[in-house]
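Throughout, read-outs are computed from the coordinates displayed, never taken from laboratory work. Values in this document were obtained by computation on a predicted structure and should not be read as measured data. Please note: Cβ atoms are built from the backbone with ideal geometry, for glycine as well, and neighbour counts cover all protein chains shown.
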Amino acid sequence: MADRTNCSFVPVSLTDFAEAARAVVPPQVWDWVEGGSGTETTLAANRAALDRIAVLPRVLTGVEAPRTDAPLLGRTQAMPVAVAPMAYQKLVHPDGERELAAAARAAGVPYVSSTLSSTPIEEVAAVGAELWFQLYWLRDRGMVTELVDRAEAAGCTALVVTVDVPVLARRWRDLRNGFALPPHVTAANLPGGRDDLAHQGVPGVSAVAAHIGAVFTPTLSWADLEWLRGRTRLPLLVKGILDPRDAVLAAEVGAAGVIVSNHGGRQLDGAPGSADMLPEVVAAVGDRCEVLLDSGVRGGLDVLRALALGASGVLVGRPMLWALAVGGRAGADAALALLAAELRDALTLAGCVDPAAARELRTRIGG
């Protein structure tokens, strides 16, 4: 791995990448990646929620080499994991999205490409990864239609509609930094000039929040999702669900899956940790659609925990940016290899032959 910090750096867990990444990215970019909204209560709650989940291992099951492959949306993946959608990846590495997508392809897991990618969807698709496209709902429905058409033409196999950003929450770190995008980082999927506001730094103002306020609509509704369901042949995943009632509504409008997520603690501060709501969402939707977990996942044990609570899989976000910042493609490869090794270890120790068996495990909350 081409380490940008220390030639002796050998990560043994995903969290090892964090401090190494902090040493190589500008402080304002680190705050953008790492920060949450407000007092960051929900950011902390994500980790606490996962750490409260105790998994009851089975013994004498004769498992020596468990399989990690599992289906997501009907397609077999090397492990029940997708790389979460994350904006502006060129902030941490010059080749940004292409490098991370290439690592996902090599690892055999889907890569979720953001509307706010700093690389156009067509260039990300050229890497050859299984691609899901994450859609933010824009004020201009014509632009929404164009993005969906481009995602389909690029070969994406799913649409991930993020529904928890009517406005960008007040992220205190970005406000204090007067955070703005550098000139070389743009919202590459949007027409030229549509992200000018994101580059205009003003003290006490997040330029990215100003841009989002100008181009995102706060009026997204279930009727819009019904329209989209009729507009595309791609399966829909609804990301940003916490209330089980919303999960049921998503299933009723034809979503193939819901992603239990609080946007990594970056939207409503004071919302619960995603893992705290996962069992209720799974119970509410039953077998009507798949349920995935996002926010706070930091290793293979967290994948096991999510499976044991009934999830089909997880999305992993910040750790992949840490790894990308540290080593580019090699760093991302190493992070996904570690995740796979940790998952195999967790499955073995829990007595599970594969991820499907992990969904039969019992859990206790609080140890």
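Note on H199, H263, H184: ascending count of other Cβ atoms within 10 Å places them as H184, H199, H263, the fewest first.
Across the options V326, S295, F179, the greatest Cα extent toward the positive end of the charge dipole of region 16-365 (unit charges at beta carbon of Lys, Arg, Asp, Glu) belongs to S295.
The alpha carbons of region 50-116 give a radius of gyration and a Dmax of 16.4, 49 Å, in that order. Exposure proxy for W30, W137, W172, W222: other Cβ atoms within 10 Å of each Cβ, ordered fewest to most, give W222, W172, W30, W137. Extending 7 Å from the Cα toward the beta-carbon at both A341 and L60 defines two label points whose distance is 3.3 nm. The Cα-based radius of gyration and maximum Cα-Cα distance (Dmax) for region 16-365 are 19.0, 62 Å. Please order R344, R75 by the number of other Cβ within 10 Å, starting at the fewest. Fewest-to-most ranking of R344, R75: R75, R344. Taken about its Cα centre, the chain carries a charge dipole of about 260 debye when Lys and Arg each add +1 at the Cβ and Asp and Glu each add -1 at the Cβ. Ranking A255, P235, S118 by how far each Cα lies toward the positive end of the dipole of region 16-365 (charges on Cβ) leaves A255 at the top.
Quote the Stokes-Einstein diffusion coefficient, in whole µm² s⁻¹, for region 265-367, based on the Kirkwood radius over alpha carbon pairs, a temperature of 37 °C and a viscosity of 0.692 mPa s.
223
Taking each residue as 0.36 nm, the span from D140 to A78 lengthens on full extension beyond its C-alpha to C-alpha distance by 18.6 nm.
The distance between label points at D149 and D287 comes to 3.9 nm (points 7 Å beyond Cα on the Cα→Cβ vector). Helical content alone sets the calculated 222 nm signal of the chain at -12000 deg cm²/dmol, taking -39,500 (n - 2.57) per DSSP H segment of four or more residues and averaging over every residue. Grouping the Cα pair distances of region 1-85 into 5 Å bins from zero gives a pair-distance distribution of 3, 9, 10, 14, 18, 17, 15, 9, 4, 1, 0 percent in increasing distance order.
Among the trypsin sites (Lys or Arg not before Pro) in region 116-204, those placed in a DSSP loop whose Cβ has at most 15 other Cβ atoms within 10 Å are R139, R170.
When each of the peptides 227-235, 289-297, 351-359 is scored by how many other beta carbons lie within 10 Å of its residues on average, the order from highest to lowest is 289-297, 351-359, 227-235. Taking a quarter of the surface of the Cα convex hull of region 306-359 gives a mean projected area of 3.8 nm².
Distance from the C-alpha centroid of region 23-46 to that of region 342-367: 30 Å, rounded to the whole angstrom. Packing order of peptides 314-325, 83-94, 50-61, highest average first: 314-325, 83-94, 50-61 (average count of other Cβ atoms within 10 Å over each peptide's residues).
According to the Cα gyration tensor, what semi-axes, each the square root of 5 times an eigenvalue, does the equivalent ellipsoid of region 213-286 have, listed from largest to smallest in whole Å?
Its equivalent ellipsoid spans semi-axes of 21, 18, 9 Å.
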